[in-house]
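We did not get these values from a lab; they are worked out from the coordinates using the rules stated. As the structure is a prediction and not an experimental result, all values here were calculated from the model. Backbone-built Cβ (ideal geometry, glycine too); neighbour counts: all protein chains shown.
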Amino acid sequence: MIRAKASDWWRTTPVSDGITLIDEPHIQPFYRCNCWHIRGGDEDLLVDSGMGVVSLREWVPLVTERPLLAVASHTHFDHIGCHHEFPHRAVHRAEAHLLAAPSRKAVLADPYVTDGIFNSLPPEPYESAAYEVTPAPATRLLEDGDILAAGPRRFEVIHTPGHSPGGIALWEAATGVLISGDIVYDGPLIEDTYHSDMGDYIRSMERLLHLPVRIVHGGHFPSFPGARLREIIEDWLGRRAGG
Ligand SMILES: [Zn+2]
Ligand SMILES: [Zn+2]
């Protein structure tokens, strides 16, 4: 398989509300994490940081323009690979140990990371068999109800366990923006990892169903409006009730 150039690895796409999508187009869509950069006042937020196979700080100037808090929606490998590049890092308390010690099994690199997840391989000397996430101990631990400030903006931390125990969504009531991580996006949802929990998943979905969401920026796949969120959750809950 051909290798991509480091300079081509990252892609940035402004969306709306001062939010920019940063992603890795050489990774296949199902494994390609959406990283969300939120423009604040004097401090910005970055939710998730990709696989860590090419430096985010080196190639994406947007993330070095001002002080930034690197938040982990959860600690699967595709979301936390570049967290170690940022001095300020936040994660939910229930996954702090995984950000600090991201063994291949603990962050699902084993079994998911193979050459098959790429459209083009990362630059030399990358090797899938040797891939590891660099430890990035958190400097701030998050709990449900905490507020993350980005200048004048306020994002409430909503603990959304189910896909993983320390999953969080960020909710900006003033704009109706929900940054949801992997608990819900418009694609196949993952409910069967070693630390997934179906009871938690159902409770998290019921909670998100009742938020007055305008737009969802998920952990994978394209963003979608609040009406689609409610449709996805109602379908998902209906299948659980029926089956
Ligand atoms: Zn995940
Ligand atoms: Zn993911």
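Summary table below
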read-out: In Hz, Karplus ³J(HN,Hα) per residue of region 64-81 (6.51, -1.76, 1.60; θ = phi - 60°; x = Gly, Pro); value: 10, 5, 8, x, 8, 9, 8, 9, 9, 5, 5, 10, 6, 3, 6, 10, 10, x
read-out: Within region 85-124, trypsin sites (Lys or Arg not before Pro) in DSSP loop having at most 12 other beta-carbon neighbours inside 10 Å; value: 105
read-out: For region 19-146, fraction of C-alpha pairs farther apart than 26 Å, in %; value: 17 percent
read-out: Whole-Hz couplings from phi, Karplus 6.51/-1.76/1.60, listed for region 47-55; x for Gly and Pro; value: 9, 6, 9, x, 6, x, 8, 9, 4
read-out: Neighbour cut-off at most 11 other Cβ (10 Å), DSSP loop, chymotrypsin sites (Phe, Trp or Tyr not before Pro), region 153-228; value: 194
read-out: Label-point gap, in nm, between residue 17 and residue 42 - each point 7 angstrom along Cα→Cβ; value: 2.5 nm
read-out: Share, in percent, of DSSP beta bridges within the chain that are antiparallel, nearest 5; value: 65 percent
read-out: 18 Å reach of a label modelled at residue 66, 7 Å along Cα-to-Cβ, counting backbone N of region 142-159; value: 148-156
read-out: Cut-off under 5 Å, modelled amide H: who pairs with residue 73 long-range; value: 48
read-out: Separation of alpha-carbon centers, region 200-243 and region 53-124, rounded to whole Å; value: 25 Å
read-out: Footprinting exposure proxy for 39, 239 (fewest neighbouring C-beta atoms within 10 Å first); value: 239, 39
read-out: Whole-Å distance, taken between Cα centres, linking region 143-162 and region 1-52; value: 20 Å
read-out: Unit charges on C-beta of K, R, D, E only; dipole of the chain, Debye; value: 240 debye
read-out: Derived scalar couplings ³J(HN,Hα) [region 120-130; Karplus, 6.51 cos²θ - 1.76 cosθ + 1.60; whole Hz; x for Gly, Pro]; value: 10, 5, x, x, 3, x, 3, 9, 4, 5, 9
read-out: Exposure proxy order (Cβ contacts within 10 Å, fewest to most) of 10, 236; value: 236, 10
read-out: Base-10 log of normalised Debye intensity for the chain (one unit scatterer per alpha-carbon) at q = 0.10, 0.18 Å⁻¹; value: -0.43, -1.48
read-out: Extension gain, residue 192 back to residue 57 (0.36 nm per residue minus Cα-Cα distance, nm); value: 45.3 nm
read-out: Efficiency of FRET from Cβ geometry, residue 93 and residue 214, R₀ 25 Å, rounded to 0.05; value: 0.30
